[in-house]
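Accompanying notes for the structure given below.
The values are calculated or read from the model by the stated rules, or taken from the named source; none is laboratory data. Since the structure is predicted, the reported quantities are computational estimates derived from the model, not experimental observations. Cβ placement follows ideal geometry from the backbone for every residue including glycine, while neighbour counts extend to all protein chains displayed. The accessibility values were calculated without ligands, DNA or RNA, using every heavy atom of the protein model including side chains. Shrake-Rupley method; radii C 1.70, N 1.55, O 1.52, S 1.80 Å.
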Amino acid sequence: MEKKDLDWGKLGFGYIPTDYRFVAHYKAGKWDEGGLTGESTVTMSECAGVIQYAQTCFEGLKAYTTKNGRIVTFRPDLNAERMISSAKRLMIPEVSKEMFLRAVDETVKANAAWVPPYGSGATLYIRPCLFGTGAVIGVAPAPEYEFRVFTTPVGPYFKGGIKPIRLMLSQYDRAAPHGTGDIKAGLNYAMSLYPGHVAHSKGYSENMYLDAATRTNVEETGGANFLFITKDGTVVTPKSHTILPSITRRSLVYIAEHYLGLKVEERVVPFEEVKDFAEAALCGTAAVISPVGAIDYEGGTISIPSGMDDMGPVTRKLRETIVGIQEGEIEAPEGWIREIC
């Protein structure tokens with residue numbers, strides 16, 4: 001397969017339309033079979049549920065070219081399960097796991113020329129999305145929906161690649177208790193746009209959000225979960241009902257325990273404790289794992305001991321291991337890698 005003529009090493013994290021996408025429609029109480037199309041635009045009613053009441057959810061995963069030339073995806077079954085959970089919460093008809101996986105497989109295979117080569121540092125980002133297209137003026141679920149899977153080749157999520165980033169403690173809340181913080185709803189990300197703009201305008205890469213109920217415990221950023229490393233090498237992840245269950249975080253926790261032999265704790269993390277950690281990082285599909293070097297807050301700065309020049313040793317090993325699994329250099333746990341072609 002001849003790859004597209006792109007400078008793969010210089011790609012940012014942006015949208016480049018590829019040749020095909022998968023589209024299915026829900027009408028009269030059922031989903032159609034769906035299929036591939038070259039049409040990248042969406043036509044819907046001005047009164048569509050997604051426009052009027054933000055009735056939409058999405059997923060994010062990646063396709064990789066492995067060391068031996070295969071094109072694979074990483075744990076897409078978990079993305080399918082998470083989209084089902086999101087759809088239930090938003091009163092959207094569920095897309096079956098089978099349709100989700102078929103759509104991802106077909107879309108990636110049809111865009112194989114856009115999957116970056118092994119060793120380029122780039123990947124093919126896959127965006128399944130589900131949204132209400134039917135007209136609804138009263139506050140109610142839409143009568144019709146569209147399921148769409150499109151792809152785009154991407155480079156690093158944060159500018160500067162994997163160098164340590166600086167965060168700002170946000171004065172805004174990301175998600176309410178008993179709200180929608182634990183699903184991948186579009187409305188959650190709309191909530192983070194203005195705080196994100198404020199952070200970026202001040203030179204920060206991202207916000208750190210605290211829990212909305214007490215504003216004392218670490219939650220996540222606008223688009224990634226946290227991982228912390230204690231001075232004795234324990235991996236700590238914040239626990240909360242308003243944190244999105246990141247597939248990357250769950251995978252890194254498994255890797256820490258079963259590949260690296262590290263102790264792992266998933267628990268409430270008070271902000272006051274952050275200054276005591278040896279390493280800090282963000283993790284998610286887009287970022288994979290990005291080191292955090294400093295966090296500024298109203299009362300001062302927390303300087304993570306691993307510093308602003310390089311990632312800490314545990315963070316580095318976690319990153320090397322998960323990327324090695326994704327790219328076929330390290331044997332994956334059973335079921336983690338799905339071969340496309």
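Observations
- Mean residue ellipticity, 222 nm, helices only, the chain: the sum of -39500 (n - 2.57) across DSSP H runs of n ≥ 4, divided by residue count and rounded to 500, is -7000 deg cm²/dmol.
- Given their separation in residues at 0.36 nm each and the Cα-Cα distance between them, Leu6 and Val323 gain 111.9 nm when the chain is fully extended.
- Placing Lys317, Lys30, Lys10 in order of accessible area, with the largest value first and a 1.4 Å probe, yields Lys10, Lys30, Lys317.
- Fully extending the segment from Asp310 to Ser40 would add 93.2 nm, taking 0.36 nm per residue of separation and subtracting the current Cα-Cα distance.
- Bridges between two residues of the chain, per DSSP, are antiparallel at a rate of about 80%.
- Proximal charge balance of Ile330 [Cβ under 11 Å; K/R count +1, D/E count -1]: -3
- Estimated vicinal HN-Hα couplings, Hz - region 220-235 in sequence order (Karplus 6.51, -1.76, 1.60; Gly, Pro = x): 7, 9, x, x, 7, 8, 9, 10, 10, 10, 7, 5, 9, x, 6, 8
- Label point of Asp19 set 7 angstrom out along Cα-Cβ; within region 34-66, amide nitrogens under 12 Å from it belong to 38.
- Only alpha carbons enter this Debye calculation for region 44-115, each as an equal point scatterer, and the log10 of I(q)/I(0) it gives at q = 0.12, 0.19 Å⁻¹ is -0.43, -0.84.
- Solvent-accessible heavy-atom area per residue, rounded to whole Å², over region 29-149 at 1.4 Å: 41 Å²
- Taking the charge dipole of region 194-341 about its Cα centre, with +1 at Lys and Arg Cβ atoms and -1 at Asp and Glu Cβ atoms, the residue from Ser205, Ser251, Thr234 reaching farthest to the positive side is Ser205.
- Its alpha carbons considered, the chain gives a radius of gyration followed by a Dmax of 20.0, 58 Å.
- Surface calculation, 1.4 Å probe, protein heavy atoms: Cys129 sits at approximately 20 Å² accessible.
- In sequence order, region 161-178 has phi-based couplings of x, 10, 6, x, 10, 10, 10, 10, 6, 7, 8, 9, 9, 8, 8, 8, x, 6 Hz under the Karplus curve 6.51 cos²θ - 1.76 cosθ + 1.60, θ = phi - 60°, and Gly or Pro positions carry x.
- Distance between the pseudo-spin-label points of Arg215 and Glu265 (7 Å out from Cα toward the beta carbon): 2.6 nm.
- Here the gap between Lys88 and Gln171, fully extended at 0.36 nm per residue and compared with their Cα-Cα distance, gives a gain of 26.8 nm.
- Kirkwood radius for region 1-46, taken over all pairs of different Cα atoms as the inverse mean of 1/r, rounds to 14.0 Å.
- Solvent-accessible surface ranking, highest first, for Leu244, Leu6 at 1.4 angstrom: Leu6, Leu244
- Projecting label points 7 angstrom from Cα along Cα→Cβ for Lys202 and Asp77 puts them 4.4 nm apart.
- Table column - 3J(HN,Hα) (Hz), region 266-275, Karplus curve with 6.51, -1.76, 1.60, x for Gly and Pro: 10, 7, 4, 10, x, 4, 4, 7, 4, 4
- Heavy-atom accessible area ranking, 1.4 Å probe, most first, across Ile247, Ile51: Ile51, Ile247
- Within the shell defined by Cβ-Cβ distances under 11 Å, the residues around Glu206 carry a net charge of 0, with Lys and Arg each +1 and Asp and Glu each -1.
- If R0 equals 35 Å, the separation of the Cβ atoms of His241 and Leu193 corresponds to a calculated FRET efficiency of about 0.90.
- Between Asp276 and Thr66, the simple spin-label model (points 7 angstrom out along Cα→Cβ) gives 4.3 nm.
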